[in-house]
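None of the figures in this text is laboratory data; all of them are computed from the coordinates on show. Note that the structure is a prediction, hence the values are computed from the model and not measured.
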Amino acid sequence: MSSIGGLNPSSVNIPTVPDLRKNAAAEDARNDEKPASETEVKEGVSVSISSAGFRAAKTDSNKDIDNSSQTDPVKQLLKMIRELKKQIADKQAEIAAAQSDNSLTPEARQARVANLQASIATLQASLTMVQMQLGKAMKDQPADAQMEAMSLASK
């Protein structure tokens with residue numbers, strides 16, 4: 001499954017904004033008197049998905065592979081490819097977060113990004129190996145089976 005920007009609906013968490021005012025009731029009364037253009041708008045949405053929801057999403061994500069006409073070893077390779085692609089996307093999102101994390105010193109930020117890049121390199125090497133194994137497993141298969149496998153691998 002490819003993901004743009006490395007985020008999926010289950011990883012989005014928009015925090016709520018706490019009311020840090022000391023006397024919120026008095027300020028609210030004063031704010032009622034202000035014109036609409038001067039009032040502050042505070043929004044926050046929090047979405048949480050249960051562990052059962054995560055399990056269901058994970059099971060459904062490979063349902064097309066399970067329902068395909070591929071052999072079991074090919075199905076396992078396709079699932080491995082998807083998992084590795086997901087892990088790479090997650091690491092790329094972590095890199096983006098680390099690069100914009102101003103709480104770290106520049107040296108710590110650089111070390112964190114370098115660590116994550118090394119992890120991505122390892123994952124990409126693993127992905128290449130699994131893709132080569134898939135190619136070998138599909139070598140003697142008919143063209144339609146090869147096309148189906150490549151289509152499933154690209155998702």
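Structural remarks
- Geometric extent, Cα atoms of the stretch 63-154 - Rg, Dmax (angstrom): 17.3, 55
- In Hz, Karplus ³J(HN,Hα) per residue of the stretch 73-81 (6.51, -1.76, 1.60; θ = phi - 60°; x = Gly, Pro): x, 5, 4, 5, 5, 5, 5, 5, 4
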